[in-house]
1. Since A150 meets every condition but one in (1) modelled with pLDDT of 90 or more; (2) of a type in the set (A, V, I, L, M, F, W, C); (3) in contact with a strand residue (DSSP E or B) (Cβ under 9 Å, 6 or more places away or on another chain); (4) more than 17 Å from D107 (Cβ to Cβ), which condition does it not meet?
2. Do we have A42 as surrounded by 22 or more Cβ atoms within 10 Å (Cβ to Cβ) and out of contact with any Ser or Thr (no Cβ under 7 Å at 6 or more places or on another chain) here?
3. Counting only residues that are polar (S, T, N, Q) and in a helix (DSSP H, G or I), which one in segment 19-39 is surrounded by the fewest Cβ atoms within 10 Å (Cβ to Cβ)?
4. Here is a check on your reading of the model: is T199 of a type in the set (V, I, T), part of a helix (DSSP H, G or I) and at pLDDT 95 or above?
5. Out of L33, L15, L51, L10, which single residue is more than 18 Å from G105 (Cα to Cα) and within 18 Å of the chain's Cα centre (by Cα)?
6. Of the residues R37, R17, R62, which is closer than 26 Å to D207 by Cβ, among the charged types (D, E, K, R) and not assigned by TED's automatic domain parsing to the domain that holds C198?
7. Here is a list of conditions, (1) farther than 16 Å from V210 by Cβ; (2) in contact with a Cys (Cβ under 7 Å, 6 or more places away or on another chain); (3) part of a helix (DSSP H, G or I), and C117 meets all of them except one; can you say which number that is?
8. Sort out which residues of segment 61-112 are in contact (Cβ under 8 Å) with a residue 60 or more places away in the chain, touching a Ser or Thr at 6+ places or on another chain (Cβ under 9 Å) and loosely packed, with under 14 Cβ neighbours inside 10 Å, and write them in order of number.
Amino acid sequence: MQVHHTTFSLAGLTLQRVDFDPLTFSAQDLLWLPHHRQLQGAVKKRQAEHLAGRLAAAHALRAFGCHPIPAIGNQQQPLWPAGLFGSISHCETTALALVARHPVGVDIERIMTRTLCAEIATCLINDDEQQILHASAFPLTLALTVAFCAKESLFKAFSSRALPLTDFAASRILRLDADSVQLRLYPTQYPQLSERRCTVHWQHNGDHIVALCADQ
């Protein structure tokens, strides 16, 4: 599979980016993965995305002197080396990964269309959050994509401390700024995290939004 590797920084952390051409993917490419047999039943799109994500993760781990490729956990999560935390995200033909010594979560999403915004807004935000997004300086399509991306990255960052949060109401937006989102956790099923405030950093990257949450 043809790939192109680059890096960029967000919130003081280095993210590994792998852009890939899924049309050049072949089943033989999966043999690079120690766990390739677990992907044999997946569709080609999923296989190509997974491979690109693990390539990005491999680059991220090398910065810490680690070379194993993250295996697949029982919740389909990447398994990181002891003492390290990581996160992988992919969208269309781009995969991102980062690794740190504290929990992190990254998400990349294409900016939503007006139609998609209308379809999912009520599942993603409540009335108070909607007012915050409307009061921001951003078009609703951009603001709602940032909200979605921020909540996804937050869920990933906290996944090492709790079971996956059940829905988007588990975190609520308090403020949306030019490069960050303030959120509060309301996970009634996880009282140890309740009322926790978090900052998620984000950036506009072409037609996509990238968000990063670090649980330090």
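1. Condition not satisfied by A150: (4).
2. Working: surrounded by 22 or more Cβ atoms within 10 Å (Cβ to Cβ): no; out of contact with any Ser or Thr (no Cβ under 7 Å at 6 or more places or on another chain): yes.
So A42 fails the test.
3. Applying the first criterion (polar (S, T, N, Q)) to segment 19-39 yields 24, 26, 28, 38.
Narrowing the set further to residues that are in a helix (DSSP H, G or I) leaves 24, 28, 38.
Numbers: T24: 11, Q28: 9, Q38: 14.
Per the stated criteria, the residue is Q28.
4. Details: of a type in the set (V, I, T): yes; part of a helix (DSSP H, G or I): no; at pLDDT 95 or above: yes.
Against the criterion (of a type in the set (V, I, T), part of a helix (DSSP H, G or I) and at pLDDT 95 or above), T199 does not qualify.
5. Details: L33 fails: within 18 Å of the chain's Cα centre (by Cα); L15 fails: more than 18 Å from G105 (Cα to Cα); L10 fails: more than 18 Å from G105 (Cα to Cα).
Being more than 18 Å from G105 (Cα to Cα) and within 18 Å of the chain's Cα centre (by Cα) holds for just one of L33, L15, L51, L10, which is L51.
6. Numbers: R37 fails: closer than 26 Å to D207 by Cβ; R62 fails: closer than 26 Å to D207 by Cβ.
On inspection, the qualifying residue turns out to be R17.
7. That leaves (2) as the condition not met.
8. The one that is in contact (Cβ under 8 Å) with a residue 60 or more places away in the chain, touching a Ser or Thr at 6+ places or on another chain (Cβ under 9 Å) and loosely packed, with under 14 Cβ neighbours inside 10 Å: Q75.
The values are calculated or read from the model by the stated rules, or taken from the named source; none is laboratory data. Not measured: the values here are computed from a predicted model. When we count neighbours, we look across all protein chains shown, and the Cβ atoms used for this are built from the backbone with ideal geometry, even at glycine.
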